[in-house]
Amino acid sequence: MSAVSLKIFAVDDDPVDQELLRRYLEEVNGYASELVCLSGREADFEEIVAQPTDVIFLDYLLGKENGLDKLRTLRAHGVKTPIVMLTGQGDEGLVVELMRAGATDYLAKARLSPDTLERVLRNALKVGELEKQAAIAEEKLRLAAKVFENVLEGVLVTDANACVVSINPAFTNITGYAAEDIVGKNPSLMRSKFHDADFFREMWHQLSESGQWRGEIWNKRKNGDVFLAWQTISAVRNDDGKATHYVSVLFDITERKRHEELVRYQAYHDILTGLPNRQLFHDRLTQALLNARREGEMLGVMFLDLDRFKQVNDTLGHEVGDKLLCEVAKRLKACIRKGDTVARLGGDEFVLLLPRIKQLRNLTALAEKILESLRVPAKLGEHELKLSTSIGISVYPSDGDKADVMIKRADEAMYQAKQGGRNNYQMSSCH
């Protein structure tokens, strides 16, 4: 096994003592030591501070100077290297003073030998390694504390009994609860009414089984406002596997969720009228056809096109035209049943999905109801506009069993209604 390579500083004004230390170090088993002898001048101490060293041997008496002061100076400059004090004698009072000043160990010159040097050297290296590990652990704790204080996510720490022991500033920013409001209490004071007891039982079941829970949860701020959070709760276990603490990390996703819902809504709805758009209507019709096939029921599709709508836009402007479309959407919604769908395909084209139709006359009755509703003039500011529409109707299963086919057949029937004089309805040619 190769010897451990060490770099050692010996700060001693006596050349004889320096040589003796060098010779004895060469006899110490397991180490290959590079000894740098220094006199103790100010320049020497700058070298000690600047260079990495494994062990420092420092003479208690440096000419007229006190090695104890040099020891304190080294420690004050942040030197963490193990320092062994060389003394002429090792009385108890002096040893205590040296240790208080930061000495790692001491060695009486009168007892200097390869054996005593080896013992002291090994002890110093061991202490140095422990101090190094402690410094690393301290730095990790310092860094963790810095992260804890500065992360944007709210962090809450509880003991094993779910009693809050610590929170970070972000938690206060998100929830409004300061340390004095929540430390020593149960986090349930943030509980909203959006979750029942089963929700929290499942949460604790997952925590006990896997040591972690994550998901969306509605919490309540100090001012009573409710917000949606993405939250992770993790168990901190000791060496025996027992949970000693729980760490909860959360961030407010309320606005993000609202934005996502808005984007999703806009993707499937007409921005002007708020009605479902072509994509959503197609999806609903496809599902409704599957249900109708399974239940053996009829299903109707109505295609509506406003009569002479282009004249409104050309003469009164698009702003009035948009108001008229919104008025038509409102009246169509008032005519249909719960479970029916009215959508705007674009322009002045509307389409209705009518599931669970018992008889064809139910569809014709609805068409007449819509025509009657739209005959009432629309008052839009200073304008009073007369309305009428042409309606085409297709029926499952006689007109097809695919969404595109059903819409196409209703569209074709609508054009037949227009050709027949407008302001009326027409069943698909299959009827």
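The values are calculated or read from the model by the stated rules, or taken from the named source; none is laboratory data. Just so you know, these numbers come straight off a predicted model, no measurement behind them. For neighbour counting, all protein chains shown are included, and Cβ atoms are generated from backbone atoms with ideal geometry for every residue, glycine included.
Against the condition surrounded by 11 or more Cβ atoms within 10 Å (Cβ to Cβ), assigned by TED's automatic domain parsing to the domain that holds residue 394 and under 30 Å from residue 195 (Cβ atoms), how does residue 280 come out, does it pass?
yes
Being out of contact with any Ser or Thr (no Cβ under 8 Å at 6 or more places or on another chain), basic (Lys, Arg) and not in a strand (DSSP E or B): is that true of residue 222 here?
Details: out of contact with any Ser or Thr (no Cβ under 8 Å at 6 or more places or on another chain): no; basic (Lys, Arg): yes; not in a strand (DSSP E or B): yes.
Criteria not met by residue 222.
Would you confirm, using the coordinates I've provided, whether residue 170 is at positive phi and assigned by TED's automatic domain parsing to the domain that holds residue 188? Show your work before the answer.
On the way: at positive phi: no; assigned by TED's automatic domain parsing to the domain that holds residue 188: yes.
No, not satisfied.
Return the residues of segment 82-127 that are in contact (Cβ under 8 Å) with a residue 60 or more places away in the chain, among the polar types (S, T, N, Q) and within 14 Å of residue 55 (Cα to Cα); say none if nothing qualifies.
Initially, segment 82-127 is screened for residues in contact (Cβ under 8 Å) with a residue 60 or more places away in the chain, giving 86, 109, 112-114, 117-118, 121, 124-125.
Checking the rest, the ones that are also among the polar types (S, T, N, Q) come to 113.
Correct list: empty.
Restricting to segment 97-127, and then to whatever is more than 11 Å from residue 57 (Cβ to Cβ) and of a type in the set (Asp, Glu), can you tell me which residue is surrounded by the most Cβ atoms within 10 Å (Cβ to Cβ)?
For segment 97-127, the residue satisfying everything is 118.
Tell me which of these residue 264 doesn't satisfy, since it passes every other one: (1) assigned by TED's automatic domain parsing to the domain that holds residue 361; (2) without any contact (Cβ under 8 Å) to a residue 12 or more places away in the chain; (3) not polar (S, T, N, Q).
The one condition residue 264 does not meet is (1).
Could you please tell me which pairs satisfy a Cβ distance under 8 Å, a separation of 6+ or placement on different chains, a first residue in segment 5-21 that is basic (Lys, Arg), and a second residue that is in a strand (DSSP E or B)?
The qualifying pairs are 7/33; 7/34; 7/36.
Enumerate the pairs (first residue in segment 184-204 and assigned by TED's automatic domain parsing to the domain that holds residue 229 and in contact (Cβ under 8 Å) with a residue 40 or more places away in the chain; second residue anywhere and assigned to a loop (DSSP other than H, G, I, E, B) and surrounded by 12 or more Cβ atoms within 10 Å (Cβ to Cβ)) with beta-carbon separation below 8 Å, excluding pairs fewer than 6 apart on the same chain, so at least 6 apart or on different chains.
187/162
Listed residues 131, 180; which is out of contact with any helix residue (DSSP H, G or I) (no Cβ under 9 Å at 6 or more places or on another chain) and either in a strand (DSSP E or B) or assigned by TED's automatic domain parsing to the domain that holds residue 238 (or both)? Give the derivation first.
Numbers: 131 fails: either in a strand (DSSP E or B) or assigned by TED's automatic domain parsing to the domain that holds residue 238 (or both).
Every option except 180 fails the conditions.
Does segment 153-161 contain at least one residue that is within 18 Å of residue 252 (Cα to Cα), of a type in the set (Asp, Glu) and in contact (Cβ under 8 Å) with a residue 12 or more places away in the chain? Before the answer, list the steps.
Just the residues of segment 153-161 that are within 18 Å of residue 252 (Cα to Cα), to begin with: 153-157.
Narrowing the set further to residues that are of a type in the set (Asp, Glu) leaves 153.
Then keep just the ones that are in contact (Cβ under 8 Å) with a residue 12 or more places away in the chain; that gives 153.
Scanning segment 153-161, I find at least one residue that is within 18 Å of residue 252 (Cα to Cα), of a type in the set (Asp, Glu) and in contact (Cβ under 8 Å) with a residue 12 or more places away in the chain, so the answer is yes.
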